[in-house]
Every structure is written in C-alpha cells, then in structure tokens.
Amino acid sequence: MNGCPAKCGRLLCLVLWLNLVPVMNGCPAKCVCYSEPRPTVACQQQGLFSIPTEIPIRSQRIFLQSNKLTVIRSTSFSSVHNLTVLWMYSNNISHIEAGAFYGLERLEELDIGDNSNLRIISPTAFRGLTKLHTLHLHRCGLSELPMGVFRGLFSLQYLYLQDNNLLALHEDTFLDLANLTYLFLHNNKIKVVTDHMLRGLISLDRLLLHQNRIIHVQQRAFNDLGKLTTLFLFFNNLTMLTGEAMNPLVSLQYLRLNGNQWICDCRARPLWDWFKRFKGSSSELECHLPNSLTGKDLKRLKSDDLEGCVDSPSQVQTSIFNTKARSGKFLSLDDPLVESIPRYLMYIKHGAQMFVLCTFNVLCLSNTAESSLFPHHLQKKVDLKVTIVDEPLKKREKKSLNHD
C-alpha cells in the first residue's frame, strides 16, 4: 500500500491490498479467508445462525464472534486439526455437543464468552485440549462448573469466569492447572472460599474474587498461592479474615479488601498482625463494629483498640426475624429464603452487648460450631432482644427471641 499514488482512492487501495494477500481456496459464504500471517477464516458479524460447513482444513484461526450461533456440533470443527485460535464470543450459544472440540490438540485460545444462554457445560467439553493456554467463559450464565471440567488442561494460563452466577466451586476444580497465572472469578455469587477450592494453583499471579457474596475464607484456602501478587476481595460480605489464611501469600503486592463488613475486635488481631508484616499496597479496611471504631481503618488501629472478644459457643441456632421474611424461620446458608432477605443489618442485643447476626442478605450464623459471634452463656435459654436495622437506618423493629 505504500506504493499507492497519493490521489488513489481508499477503495482502490483496499482492492490492491487484497489482491496482494494470499487467499485460501474453498472459503465459506459470507466469510473472508486469507493465508497470511496464518490461514484464517473470518466470519464475524455476518448474522450466521449456524457454523459454516466446508471450512478449509488448513485453517489455523477461525473468527465467528458476534453472530447468532446457537449450537456447537460435534462435527463443526472435526476436520480442522491445525486450529490454534477459535473465537465464538457474543453469540446465542446454548448447547455444546459432546466431542465438539475433539481432535483440536493444537488449540491454544478458545473464546466462547458472552453467550448468556449457555448455562451448562459438559464435564468433558474441553477434554484433550492439552495445549490450550487461554479460555474465555465469562458472561455465560453459568451457575455451576461440573466436577473435572478443567481436567487435563495442563497448559492453561488465563481463565476468565467472571460475570456468571456461580454459587460455589467443587473442591479441586483447578487441580490440574499448575500453569494458570490469571483467574478471574469476580461478579459471581460465591459465598465461601473453601480450603481446597484453589488447590493446585501453584503458579497463580492474579486472583480476582471481588463483587461476590463471600462471607468466609477458610484457613487453608490460599495454601498453594505462594506466587500470587494480586488479590481482590473487595465488595463482598466478609466480617473476618484470619492472618493464618493470609500467611501463605508471601509474594502478594496488591490487596483490596474494601467494601466489606469488618468486625474490629480481638478476632481481627491476627489480620492486624499480618498487615504489620505486609509490605505491599492495600485498600482500607473500614470497621463496621464495634460502634466505637465504625469508619476507622483496621490497619491503622492501635493494639489497645482490639480489646474485648466474645467467647465462642459450641453451637448456636439462629432465627431470622423481619417483616418481609417468615417470622422465626430457622435457616441454613443454603436455604433459598436467605436470598430473599432484604438488605438489613441485624443484631442481637444482650444487656449492653451487641452481636451481629447477619449483614447484607447473608446469614452469618446458623447451626455452626465454628461461629465466634456469641458468648457461651447465650447457649442457655435466654430472652433476647433482636434489633433489625435497615441499611439507611430509618426503621427499627424489635422482637423477642428464645434460644434453647
């Protein structure tokens, strides 16, 4: 194109350039095929309802994004064994047939993100893609990942799972992903980061878990993340995070924990101690309880500020009381009614002491021996006052609650 005369029109220049680019034979209708830099079939934004047939077998890259595709069939790519890049994002894909990617041993990048009707993926959908290094599954309406779905993806480095509806992840979901460096899980509905949820991610550099519903990070959740440099946990429902859970993060440089409901009493001391040793950059940790420390940054508190701690009960049974939920209904964290609770801050008051019961749609206590929010003497039958405070702090209702 550098040799094109100055007065040459743009259209003529484009025609001349296209004539210089080697074109592949047997190109499907509505697609553009070219050989340099790699044999490529480009069919994006063509209003296609199905994947074209007769794709040249030499193809190394296929671009099918922004169409109206609904199904990936087992025969769609059965003849293109040299394929390295496959883009099918922003379609209407709702089903991937078994074996749809079978035989694509050379595939390095697969993007099927932004297909909000997909919702379910077969446990063997990606089996055999041993050279895959990038997988996009963002914004696919996924509520669950089947056990073993990433098994054998030993080369995977980038995994995009953000903007789905994931509630939980099976233990060892990522066990084979020893080379994974970026894991994006933000904007889902995950509630607990379990001990083995992230097991095997020994090369992980960046973990994004912000904007979920996380209430608890188990003590060994980060044990394999010694190379992690970036951790985002902001805008969740955390009230506590142990220093023991953070200790394995020896390479951490960037940490965001803002937008949670931190309880700044003696239970926060291990995390406070950890921050004294942490040399990286972090957000503020705004205290919500006790009232005397509300709004203060946990990291900037003095040691004397972290005095006083209620004892841990052996078991506490908790009831939810508010005008929009069924009065006195015993709930567990898995109860669907929990999702319907309005955005309330709920406390139990016993004498001069206040104990948080739940925050922002999430029940903090329910039939759990691990809770540390109530003293031993509340295990007995005690008449308590429950104060329900809505988020703008405009309404207050009081009801009585008996614990047996």
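Kindly indicate whether G141 is within 17 Å of the chain's Cα centre (by Cα) and either surrounded by fewer than 17 Cβ atoms within 10 Å (Cβ to Cβ) or more than 16 Å from D176 (Cβ to Cβ) (or both).
yes
What's the total number of residues in segment 192-206 that are out of contact with any Asp or Glu (no Cβ under 7 Å at 6 or more places or on another chain), surrounded by fewer than 20 Cβ atoms within 10 Å (Cβ to Cβ) and not polar (S, T, N, Q)?
Total meeting the criteria: 4.
Looking only at segment 48-76, filter to residues that are touching a Lys or Arg at 6+ places or on another chain (Cβ under 6 Å) and of a type outside the set (D, E, K, R); which one of those is nearest to I96 (Cα to Cα)?
Applying the filter and picking the extreme gives F49.
What is the number of the single condition among (1) crowded, with 16+ Cβ neighbours inside 10 Å; (2) not in a strand (DSSP E or B) that L86 does not meet?
Against the list (1) crowded, with 16+ Cβ neighbours inside 10 Å; (2) not in a strand (DSSP E or B), L86 comes up short only on (2).
So, in segment 174-189, exactly how many residues are among the aliphatic types (A, V, I, L, M) and surrounded by fewer than 18 Cβ atoms within 10 Å (Cβ to Cβ)?
2
Could you tell me which of the residues S74, S50 is assigned to a loop (DSSP other than H, G, I, E, B), modelled with pLDDT under 95 and among the small types (G, A, S)?
S74
Across segment 69-98, what is the number of residues that are of a type outside the set (F, W, Y) and within 27 Å of the chain's Cα centre (by Cα)?
Total satisfying the criteria: 17.
Looking for something under 27 Å from S116 (Cα atoms) and touching a residue at least 24 places away in the same chain (Cβ under 8 Å) - is there at least one such residue anywhere in segment 40-49?
Yes, some residue in segment 40-49 is under 27 Å from S116 (Cα atoms) and touching a residue at least 24 places away in the same chain (Cβ under 8 Å).
Does I215 meet the test of being surrounded by fewer than 21 Cβ atoms within 10 Å (Cβ to Cβ) and under 24 Å from Y160 (Cα atoms)? Spell out how you get there, then give the answer.
Details: surrounded by fewer than 21 Cβ atoms within 10 Å (Cβ to Cβ): no; under 24 Å from Y160 (Cα atoms): yes.
For I215, the condition - surrounded by fewer than 21 Cβ atoms within 10 Å (Cβ to Cβ) and under 24 Å from Y160 (Cα atoms) - is not met.
The values are calculated or read from the model by the stated rules, or taken from the named source; none is laboratory data. In this text the structure is predicted, and so the values were computed from the model without any measurement. Glycine gets a Cβ as well: all are built from the backbone with ideal geometry, and neighbour counts include every protein chain shown.
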